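J.: I'd like to ask you about the structure that follows.
Just so you know, all these numbers are worked out from the coordinates, no wet-lab data involved. Computed from a predicted model, the values in this text were never measured in an experiment. Backbone-built Cβ (ideal geometry, glycine too); neighbour counts: all protein chains shown.
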Amino acid sequence: MRNFKEGEKVEVIDDNITGIVITISDDFITIRTQEGFDMDFTASELMHTEGMNPIRVSKFEASQVKADKEQGGKRKIRKVAVKERNIAKMEVDLHIHQLVPSSKGMTNYDMLNIQMETAKRQLEFAIRKRIQKVVFIHGVGAGVLKEELNYLFKRYENVKYYDADYQKYGLGATEVYIYQNS
């Protein structure tokens, strides 16, 4: 059996679910997903997420989960509205101040390379995790980053890209739709 600890970030092996371990019992490990749902899995269904800092679960939160389980109540499942289903699943902010602690002393070329490496890495991640929609926030500026992103997206045959929702992002974002192979 794998050793899991409360507060550790984990992923479900056969599904696109990540979460934080909140309780561990003999038979099941309860995780809280990023969407806020509590789910039970066996240790063999989970794997450690490497390179992430574990998030600590407060004693109160863990005891509240145990109390909810003891009551035997059904989990509340929130029905997702049609409008919410169409919201982008992932946002990637490519503004340089979001990617590095300080851009002091960096040339425009250096900053563009960091932004493009980040965009490529996040796009590959989305394809691997079967995330269908990703919004790349690039800002308006002179349009150099946007053109470089368009060039990157053209190299993927399973990707369609277009301007993101104007009301939410203005002209400074591109939405990518990733076609999933069946």
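J.: Determine the percent antiparallel among the DSSP beta bridges restricted to the range 82-178, to the nearest 5.
T.: About 70 percent, rounded to the nearest 5.
J.: How would you rank Ile178, Ile24, going from fewest to most other Cβ atoms within 10 Å of each one's own Cβ? The partial results should precede the final answer.
T.: Values: Ile178 20, Ile24 16.
Fewest-to-most ranking of Ile178, Ile24: Ile24, Ile178.
J.: Give me the extension gain from Phe28 to Tyr156: residue separation times 0.36 nm, minus the current Cα-Cα distance, reported in nm with one decimal.
T.: 42.0 nm
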